[in-house]
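The structure appears right after this line, and notes come after that.
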Amino acid sequence: MQSQILPSRAALVNRIELQFEYGQNLICLIGASGLGKSYLAESFITDKYPEFNKAFVKLSAHTKDSELTVQLLQHSFRSPLIDQTLSLSDNFISLHSESSSGPCLWVLDGARHLSDEMVAELQKLAKQTIEKVYILITAQSPMMVPQALDLHLEPLSLLESKALMKMFFSQLPVEEDPIFQAFLNESHGNPAVLLDWRSEEQQLAQPKPSKYAKAQWHLTLLTVLLALLMVAFVYKKEISELVPDKSGQPVVDTVLSSELVFTGKAANDVVAVPSVQEVASTDELDAINDEEQPLIVVNDIPEAVQSIGSGQRRVAAVLSALTEPLDEVSEEEGNLAEGTLEVNKSIEPPVLKDVETKRDIISSENIVSAEHSHLSLLAQADTNWAIQLLAVKDKVIADAFITKNTPRISHLEIYGTRRSEALWWIVVQSGFTTLESAKQAKVQLPSDILAGQPFFKKQTKIKQEITEFAR
């Protein structure tokens, strides 16, 4: 299905059809590179002559005459037995004598890759009277195909150039923009150049900064970085001076002198005091058992001693308050990281297992549904016809299309095929024994389906595409 084409291109498509009706069976579409010859040829073969056997072949330097002959005959006859020793015209006449092919429409893109022998065969087929064969060839210069009618593809006008760009670009400069106007004038109506528009082109080129300016910026950034490092160093040094190290604090003496110790009643004021011999010798002090040290009861402590002890306890409390929260935060972060790791380990295996299971189920369902549709289509007679409604690369889109339109359209089938090493899914309405019944069914299709320009397809062509899918 082609996109909307411009009025001048639509008029040329109608002119080509009119020339075919007048009896000119060989037409050559002439146009420079980038004017849209291939696009116009695709629009013509899609929109015109739905009842014909159609063949669109894009020629290249590697295309051989034998390959071109096989492609054209396969799209014109049902399961043809092609004799490689015969030419294209001889094969066509021989196959037509066995079974009629019906009217044919051939579009060949790239006349410069045709050999002289193939051009002669095409001329011969265009003149034969046993069957109607319309041949459209694209070329870059006139007289490349002798005896063909040359129709020239002209560049777009300024008005159509703007219309084409509005079809593909949502945001364009105003028409008075000088850069935009210069771009339109220099494109000379070539669609390939127009579609290569970039919004950056409407901006004037800014002068590049000099090497001196770059060096100045680098020096400024380096100065700022050094200043930040110096501030951080000074800040760290001041913090270390304001907050002393906890391990460097002097040990508070909790042993009272013998003058302050006397017998009392309070059980909470018990203090262990070594004897005179224990103080005299440090080595002997370490060897004495704590159970053998005499215990004395302190009944009261002078106020001077209490004030000294309370001041030292305040210092110890401040240091503990500064250091303990940091340790707690680091421990909490470590515990949180360990918990997260354990949760991830416990969650990941089931989730991955479920995902792999769902993938297997979806893949198996697609295979089963495709095989069912293939068997249904292969079981139909070769003389049947079908209406192609959709062709996409995504199986999900095709399934959604069938689910949506099954209540409105009967006998919907889906099958897979391969085109240029890519997998395509095609939705058709099958089961028509004659072409007339297929035409009647096409008229009854919903308007939104008809907007997609469905076309007819032979059952033999469908079987051939299914065979390509199975390879």
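Please treat every number below as a calculation from the coordinates, not as lab data. All figures in this text were calculated on a predicted structure; none of them were measured in a lab. Using ideal geometry, Cβ is built from the backbone for each residue, glycine included, and neighbour counts are taken over all protein chains shown.
Between Cys28 and Ile137, Leu149, Asp150, Leu151, the built amide H atoms are under 5 Å apart, and every one of these is 5 or more places off in sequence or on another chain.
Using unit Cβ charges (K, R positive; D, E negative) and no other charged atoms, how large, in debye to the nearest 20, is the dipole of region 159-201 about its Cα centre?
Computed about the Cα centre, the dipole is about 180 debye.
Compared with the direct C-alpha span, the chain from Ala192 to His218 gains 5.0 nm at full extension, assuming 0.36 nm per residue.
Would you please give the FRET efficiency between Gln464 and Phe169, computed as 1/(1 + (r/R0)^6) with r the Cβ-Cβ distance and R0 = 41 Å, to the nearest 0.05? Don't jump to the answer; show the numbers that get you there.
Details: r = 40 Å, r/R0 = 0.98.
In this case the efficiency is close to 0.55.
Calculate the FRET efficiency for Glu117 and Glu176 from the Cβ-Cβ distance with a Förster distance of 51 Å, rounded to the nearest 0.05.
E between Glu117 and Glu176, to the nearest 0.05, is 0.35.
Calculated on the alpha-carbon coordinates, the convex hull of region 416-471 measures out at 88 cubic angstrom per residue.
Working from label points 7 Å from Cα in the Cα-to-Cβ sense, the Lys162 to Ser66 distance is 5.6 nm. Under 5 Å between amide hydrogens, built in the peptide plane, is the criterion, and for Gly431 it picks out Trp385 among residues at least 5 positions away or on other chains. The charge dipole of region 125-177, taken about the Cα centre with unit charges on the Cβ atoms of Lys, Arg (+1) and Asp, Glu (-1), comes to about 380 debye, rounded to the nearest 20. Rg over Rh for region 159-201 works out to 0.89, both radii taken from alpha-carbon positions and Rh defined as the Kirkwood radius. When both region 407-471 and region 62-80 are represented by their alpha-carbon centers, they are found 22 Å apart. Take the Kirkwood radius over Cα pairs of region 7-154, plug it into Stokes-Einstein at 10 °C and 1.306 mPa s, and you get 103 µm²/s for translational diffusion. Among the trypsin sites (Lys or Arg not before Pro) in region 1-92, those placed in a DSSP loop whose Cβ has at most 11 other Cβ atoms within 10 Å are Lys64. Centre-to-centre separation between the Cα atoms of region 82-101 and those of region 131-154: 24 Å. Here the spin labels are modelled as points 7 Å beyond Cα on the Cα-Cβ line, and at Met143 and Tyr39 they lie 3.1 nm apart.
So which GluC sites (Glu not before Pro) in region 395-471 end up in coil per DSSP with only 10 or fewer other C-beta atoms within 10 Å? Please report the intermediate quantities before stating the final value.
Values: sites: Glu413, Glu421, Glu436, Glu465, Glu468; in loops: Glu421.
Answer in residue order: Glu421.
A simple spin-label model places the labels of Ala379 and Ala10 4.4 nm from each other, with each point 7 Å out along Cα-to-Cβ. Of the options Ile135, Leu40, Thr85, report the single residue whose Cα projects farthest towards the positive end of the charge dipole of region 7-154 (beta-carbon charges: Lys, Arg +1; Asp, Glu -1). Farthest towards the positive end: Leu40.
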